[in-house]
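Taking it in order: structure first as structure tokens, then the write-up.
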Amino acid sequence: CMNYMFPASYAWGNFTVLAVGIWAIVQRDSLDAIMMFLTGLLLTVLTDIIHVSVFYPPDYLTDRKRFSIGMAIFSLLLKPVSCYLVYRMYRERGGE
């Protein structure tokens, strides 16, 4: 549904951050990996706001469009919580 409502840049950005997040989890001693993950999450918050505001359809919403927008907004609402948890992981790994 992401490619139905939004351009491919939305999916590529979020899946890239997901891949960096997996790398950050696997590399438990790397500060660079967790910092890149945190930076990517913060950037995707900004780009998700832009995507939702630019590509929100002004006309009638089908069920698929409503679901796509709902999941994008739900993901956007959960990202600050994810940023906080990743920041705590960064601090536990010795970040300042």
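I'd like to check something: does segment 33-44 contain any residue that is closer than 15 Å to Phe6 by Cα and assigned to a helix (DSSP H, G or I)?
yes
Can you pull out the residues in segment 63-76 that are surrounded by 11 or more Cβ atoms within 10 Å (Cβ to Cβ) and either not in a helix (DSSP H, G or I) or not polar (S, T, N, Q) (or both)?
Scanning segment 63-76 gives Arg64, Lys65, Arg66, Phe67, Ile69, Gly70, Met71, Ala72, Ile73, Leu76.
The set of residues in segment 15-45 being open to solvent by 30 Å² or more (accessible area, probe 1.4 Å) and touching a residue at least 24 places away in the same chain (Cβ under 8 Å) consists of Thr16, Arg28, Asp29, Leu31, Met35, Phe37, Leu42, Leu43, Val45. Assess whether Tyr84 counts as being in a helix (DSSP H, G or I), free of Cβ contacts under 8 Å to residues at least 60 places away in the same chain and surrounded by 14 or more Cβ atoms within 10 Å (Cβ to Cβ). Criteria not met by Tyr84.
Just one of Tyr56, Tyr60 is exposed (fewer than 13 other Cβ atoms within 10 Å of the Cβ) and out of contact with any helix residue (DSSP H, G or I) (no Cβ under 6 Å at 6 or more places or on another chain); which is it? Before you say what the answer is, go through the steps one by one.
Values: Tyr56 fails: exposed (fewer than 13 other Cβ atoms within 10 Å of the Cβ).
Step by step, each of Tyr56, Tyr60 is checked, and only Tyr60 is exposed (fewer than 13 other Cβ atoms within 10 Å of the Cβ) and out of contact with any helix residue (DSSP H, G or I) (no Cβ under 6 Å at 6 or more places or on another chain).
The values are calculated or read from the model by the stated rules, or taken from the named source; none is laboratory data. From a predicted model like this one, the values you see are computed outputs, not experimental measurements. All Cβ positions, even for glycine, are placed from backbone atoms using ideal geometry, and neighbour counts span all protein chains on display. Just so you know, the surface numbers come from the protein's heavy atoms only, side chains and all, with ligands and any DNA or RNA stripped out. Shrake-Rupley method; radii C 1.70, N 1.55, O 1.52, S 1.80 Å.
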